[in-house]
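Report on the following structure.
The values are calculated or read from the model by the stated rules, or taken from the named source; none is laboratory data. Every value quoted in this text rests on a predicted model; they were computed, and no experiment measured them. Cβ placement follows ideal geometry from the backbone for every residue including glycine, while neighbour counts extend to all protein chains displayed. In case anyone asks, the SASA skips ligands and DNA or RNA and just uses the protein heavy atoms, side chains included. Shrake-Rupley method; radii C 1.70, N 1.55, O 1.52, S 1.80 Å.
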Amino acid sequence: MPLADTRFSNRRRALASNLAAQRLDALLVTNLINVRYLTNFSGSNGALIVEKDMTANIATDGRYTTQIAEEVPDIEAKITREMFAELLATVPAPARVGVEATHLSIAAFDKLKEKAPEDIDLVPVTGVVEKLRETKDEVSLTKLTEIAALATKALDDLLDAGGLAVGRTEREVAADLEYRMRTAGAERPSFDTIVASGPNSAKPHHGADDRVIDNGDFVTIDFGAHLRGFNSDMTRTFIMGEESDFTREIYDLVLRAQHAGVEAARPGTTLVEVDAACRSIIEEAGYGEYFNHSTGHGIGLDVHEAPYAATTGKGELAPGMTLTIEPGVYVPGKGGVRIEDTLIITEGAPRIITTFPKDRRVI
């Protein structure tokens, strides 16, 4: 069996083991990201059912007849518009079948119950596949490293070409960076590129608009590239033209906090402790109220996925996990700084795959 097939079947085997432990006979997988994780199918319409004995059935519509045969050679596909009903019909009754509660509306769940065969009990569950996705295999980590390097080079090229400059708009810089990622091989950005300048940099998820970048501004660039299902995520903040006491103070504070978070990201460390490593430094400097989001998240087939480093984080780090470390300070009306790296958790110090320099830089 080809390597890719073995990898996906091994994931379904791990899922099947978890189902038995949860007293489920099967799981109906409707989240397309989870379908891809378990089968390699990348179409925009599909579903999968996996039973506790590892029997699996997949379905899609006629648009993907050829694609699903190529991408999922080890499961015979059902080509149908009634995907959920036909998949449920493959499960021997009576049975308890889990459904992904966070990916079905109440209306869709009610409709599913109406169409379910008699003696099939549908059980809403959350996080079953996502828990498996927390720890990545070496193939996935290699792909994540490659896409992070592509995005990093795009930012490097942007700066080398003078693409970040006083007088350009945020929107122009964002479009320039996205163009460079695409021409380097990315299929698309992982998310809408953030270029936040001046007072806009005090808005963590500002976006990019027609504001003209001015002398003395902070400019925060938060961006990522997407390729073959995998994503990257990195943030750097620059100072335009000239520094001030404020820009030096805030930048250096966030950089210290970010370094502390990276250092804390070791196997066995809880997600709450990683968050606290960053947050305590910012709080001690008197800027705690201006750090108004969590410290980081995993990245893989989704841009934001478990684990989550936050004050409410659950669990601890383990080798093979990914985690961003992205503390920030955002002072309304003045500006803000965020510095973000993506890490791979290893047995020792984490490996940083977003390698663009972090030292304070004046453009």
Residue by residue through region 295-305, note down the ones that are more than 13 Å from residue 257 (Cα to Cα) and either basic (Lys, Arg) or part of a loop (DSSP other than H, G, I, E, B) (or both). 299, 300, 301, 302, 303, 304
Any chance you could count how many residues in region 252-283 are open to solvent by less than 50 Å² (accessible area, probe 1.4 Å), assigned to a loop (DSSP other than H, G, I, E, B) and on the phi < 0 side of the Ramachandran plot? 3
For region 340-363, how many residues meet the condition of being buried (at least 20 other Cβ atoms within 10 Å of the Cβ), over 14 Å from residue 297 (Cα atoms) and among the hydrophobic types (A, V, I, L, M, F, W, C)? 1
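Look through 315, 335 and report the one residue that is farther than 18 Å from residue 234 by Cβ and either surrounded by fewer than 22 Cβ atoms within 10 Å (Cβ to Cβ) or among the basic types (Lys, Arg) (or both).
On the way: 335 fails: either surrounded by fewer than 22 Cβ atoms within 10 Å (Cβ to Cβ) or among the basic types (Lys, Arg) (or both).
It is 315.
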Residue 149 vs. criteria open to solvent by 40 Å² or more (accessible area, probe 1.4 Å), among the aliphatic types (A, V, I, L, M), in a helix (DSSP H, G or I) and touching a residue at least 40 places away in the same chain (Cβ under 8 Å): yes
Residue count for region 307-339, restricted to those that are touching a helix residue (DSSP H, G or I) at 6+ places or on another chain (Cβ under 8 Å), touching a residue at least 60 places away in the same chain (Cβ under 8 Å) and outside any loop (DSSP other than H, G, I, E, B): 11
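Which one is least open to solvent (accessible area, probe 1.4 Å) among residues in region 70-95 that are under 14 Å from residue 42 (Cα atoms) and assigned to a helix (DSSP H, G or I)? Step through it out loud before you land on a result.
So in region 70-95, the residues under 14 Å from residue 42 (Cα atoms) come out as 70-73, 77.
Now restrict to residues that are assigned to a helix (DSSP H, G or I): 70-71.
Working: 70: 133, 71: 45 Å².
Out of the qualifying residues, it is 71.
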Pairs under 7 Å by beta carbon, first residue in the same structural domain as residue 250 (by the TED database) in region 268-290, partner acidic (Asp, Glu), six or more apart or different chains? 268/316; 269/316; 270/316; 271/316
What are the residue pairs meeting all of these: first residue in region 133-144, first residue open to solvent by 20 Å² or more (accessible area, probe 1.4 Å), second residue polar (S, T, N, Q), Cβ atoms under 7 Å, and 6 or more apart or on different chains? 136/322
Can you confirm whether residue 286 is within 22 Å of residue 218 (Cβ to Cβ), open to solvent by 10 Å² or more (accessible area, probe 1.4 Å), touching a Pro at 6+ places or on another chain (Cβ under 7 Å) and part of a loop (DSSP other than H, G, I, E, B)? no
Could you go through region 61-69 and let me know if any residue there is assigned to a loop (DSSP other than H, G, I, E, B) and in the same structural domain as residue 13 (by the TED database). yes
In region 209-218, the residues that are open to solvent by 10 Å² or more (accessible area, probe 1.4 Å) and either free of Cβ contacts under 8 Å to residues at least 40 places away in the same chain or part of a strand (DSSP E or B) (or both): 212, 216
Single residue of region 318-332 satisfying the filter (under 16 Å from residue 290 (Cα atoms) and surrounded by 14 or more Cβ atoms within 10 Å (Cβ to Cβ)) that is farthest from the chain's Cα centre (by Cα): 331
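Residue check: is residue 99 in contact (Cβ under 8 Å) with a residue 24 or more places away in the chain and within 20 Å of residue 24 (Cβ to Cβ)? Full working, then the answer.
Numbers: in contact (Cβ under 8 Å) with a residue 24 or more places away in the chain: yes; within 20 Å of residue 24 (Cβ to Cβ): yes.
Spelling it out, residue 99 is indeed in contact (Cβ under 8 Å) with a residue 24 or more places away in the chain and within 20 Å of residue 24 (Cβ to Cβ).
Would you mention how many residues in region 219-251 are part of a helix (DSSP H, G or I) and open to solvent by 10 Å² or more (accessible area, probe 1.4 Å)? Don't jump to the end; show me each part of the working.
Within region 219-251, the subset part of a helix (DSSP H, G or I) is 245-251.
Checking which are open to solvent by 10 Å² or more (accessible area, probe 1.4 Å) leaves us with 245-246, 248-249.
Residues that pass the stated criteria total 4.
From the set of residues in region 40-50 that are buried (at least 21 other Cβ atoms within 10 Å of the Cβ) and touching a strand residue (DSSP E or B) at 6+ places or on another chain (Cβ under 6 Å), which is farthest from residue 131 (Cα to Cα)? Show your work before the answer.
As a first pass, look at region 40-50 and keep what is buried (at least 21 other Cβ atoms within 10 Å of the Cβ): 41, 46-50.
The next check asks that each one be touching a strand residue (DSSP E or B) at 6+ places or on another chain (Cβ under 6 Å); those that pass are 46-50.
Values: 46: 21, 47: 19, 48: 17, 49: 17, 50: 16 Å.
In this case the residue turns out to be 46.
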